[in-house]
Amino acid sequence: MNKRYYSLDVFRGATVALMILVNNPGSWSHLFSPLAHAEWHGLTPTDLVFPFFLFAMGNALAFVMPRLRESGDRIFWQKVLKRTVLIFGIGLFLNWWPFVQWQGDALVFKHWVNPDDPERGIRIFGVLQRIALAYCFASIMVYYLKEKSVIAVSAVLLLVYWLLCVVFGGNDPYSLAGWFGTDVDKRVLGVAHLYKGEGVPFDPEGLMSTLPAIVQVVLGYLTGKYIRLQGRVEWLWPKLEVSGESIYKMLAGLFVTAVLLSLLGLFWGLGFPINKKIWTSSYVLYTSGLALFAIGSMIWFIEVLGVRNWLTRFFDVFGKNPLFIFVLSGALPRLLGLIRIPVGINDAGEQRYTTPLHWFYTNVCAHIPGPSEVGSFCYALAFLAVCWGICYVLDKKKIYIKV
């Protein structure tokens, strides 16, 4: 059965909407704690968004893969490699965009490596780059391997990553200073091209932590296939008969698997801490279990109970152009950041400037009654509303920008 589940579109749209919301606060200094990433070990609701998106990508792959198999190897490689290169390239483009920046009163070109500071340059990796690589390798795995082999290889990837952390890590292999992946990124990518947001060169979407992220897509794929076949798993239960109540059997399977993955992730987390920034194997299992809970709940409410309301419509609109609106949500603030609005003179007698979006935050959102976090959150909601409006117009005109 190839029934199309509206709930999966809503799930994908919700993850995109939440990614935009948490990435665009009015001020990074004023965040409600659930909207901030965990300092290091542990996780907050915000730390669920990215793995949920990878999981949703795997879901979608399950509905596309039958057509790719029918088309043959040549078409498969053409489509997968093209999509991988495009998504990775767009991510790199976004890191470099808008190619110029203000330096004093002049716009100067953003060099690949800063000529005045060779340890600073354009970051190579990022969210879209991880999506591209995880999608590519997961697609190859599920195309060429049988399900039992896919699960075995996924387990090996998670275990090998744990072993690499222990063997090649420092005295505290799961700490910022001791994690082995940073040394790999420095040697392969170069210090100039790493993320500096932690105060030191460290890339939370670097090479080594992409290995377990591949499994996140694979688990999403296996879930999507399970849903597409209404709970039939031939290699596991070859004699299971599909009846009119198959959706209930499928939901039971989703929730049981969700419990098992979540508990396994928590248990593994006792020795291999749950950590988004180094994307630990325990983090993969735990967040995948929670993603299964979310998907199962959405299927229950939307497909079984028939819930269709403004909220499902709101998220569904995001799900129609997910990558496009995510890229636009990152590109637009950077572009508007080139517009300078004079806001007075500093103590040194120099002209001070702000940008249109920062002006809106400081002059409108920051004055909303309540703690500073309220204004920052209202700004994020306003930005999300603008993005939704763009997606709504595109959907009305039946414009779907695919990569």
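Restricting to region 315-345, count the residues that are open to solvent by 50 Å² or more (accessible area, probe 1.4 Å) and more than 16 Å from ILE90 (Cα to Cα).
Looking only at that region, the number is 7.
Check VAL317 against each of (1) within 16 Å of VAL10 (Cα to Cα); (2) in contact with a strand residue (DSSP E or B) (Cβ under 7 Å, 6 or more places away or on another chain) and name the one condition it does not meet.
The one condition VAL317 does not meet is (2).
Of ASN95, ASN23, which residue is open to solvent by 60 Å² or more (accessible area, probe 1.4 Å) and under 20 Å from the mean Cα position of the chain (by Cα)?
Going through ASN95, ASN23 in turn, just one is open to solvent by 60 Å² or more (accessible area, probe 1.4 Å) and under 20 Å from the mean Cα position of the chain (by Cα): ASN23.
Looking at region 157-182, I want the residues that are closer than 17 Å to PRO201 by Cβ and of a type outside the set (Asp, Glu) and have a partner that is part of a helix (DSSP H, G or I) and open to solvent by 80 Å² or more (accessible area, probe 1.4 Å) with Cβ atoms under 6 Å, at least 6 apart or on another chain. Which pairs are those?
Matching pairs, first to second residue: PHE180/PHE168.
Given the residues GLY220, GLY231, which is the only one that is under 28 Å from VAL49 (Cα atoms), open to solvent by less than 10 Å² (accessible area, probe 1.4 Å), at pLDDT below 95 and in contact with a helix residue (DSSP H, G or I) (Cβ under 7 Å, 6 or more places away or on another chain)?
None of the others qualify; the one that does is GLY231.
If you check VAL160, VAL184, VAL217, VAL167, which single one turns out to be part of a helix (DSSP H, G or I) and closer than 29 Å to ALA252 by Cβ?
Result: VAL217 is the single residue among VAL160, VAL184, VAL217, VAL167 that is part of a helix (DSSP H, G or I) and closer than 29 Å to ALA252 by Cβ.
Examine region 112-126 for a residue that is assigned to a helix (DSSP H, G or I) and under 27 Å from the mean Cα position of the chain (by Cα), and state whether such a residue exists.
Within region 112-126, not a single residue is assigned to a helix (DSSP H, G or I) and under 27 Å from the mean Cα position of the chain (by Cα).
Taking ALA385 as meeting all but one of (1) open to solvent by less than 50 Å² (accessible area, probe 1.4 Å); (2) modelled with pLDDT of 95 or more; (3) within 30 Å of ASP9 (Cα to Cα), write down the number of the exception.
So ALA385 meets the others, but not (1).
Of everything in region 20-51, what is over 22 Å from SER282 (Cα atoms) and of a type in the set (A, V, I, L, M, F, W, C)? Give them in sequence order.
Once the filter is applied, which keeps residues that are over 22 Å from SER282 (Cα atoms) and of a type in the set (A, V, I, L, M, F, W, C), region 20-51 yields ILE20, LEU21, VAL22, TRP28, LEU31, PHE32.
With the checklist (1) within 25 Å of LEU381 (Cα to Cα); (2) open to solvent by 30 Å² or more (accessible area, probe 1.4 Å); (3) touching a residue at least 24 places away in the same chain (Cβ under 8 Å) in hand, flag the one item VAL304 doesn't pass.
Status for VAL304: all satisfied but (1).
Give the residue, chosen from ILE87, ILE124, that is farther than 28 Å from PRO273 by Cα, among the β-branched types (Val, Ile, Thr), crowded, with 20+ Cβ neighbours inside 10 Å and at pLDDT 95 or above.
ILE87
Tell me, yes or no, whether region 117-136 has at least one residue that is over 30 Å from ASN59 (Cα atoms) and polar (S, T, N, Q).
No, there is no match, as no residue in region 117-136 is over 30 Å from ASN59 (Cα atoms) and polar (S, T, N, Q).
The values are calculated or read from the model by the stated rules, or taken from the named source; none is laboratory data. Just so it is clear, the model here is predicted, and its values are computed rather than measured. Cβ: placed from backbone, ideal geometry, glycine included. Neighbour counts: every protein chain shown. These accessible areas exclude ligands, DNA and RNA; they are computed on the full protein's heavy atoms, side chains included. Shrake-Rupley method; radii C 1.70, N 1.55, O 1.52, S 1.80 Å.
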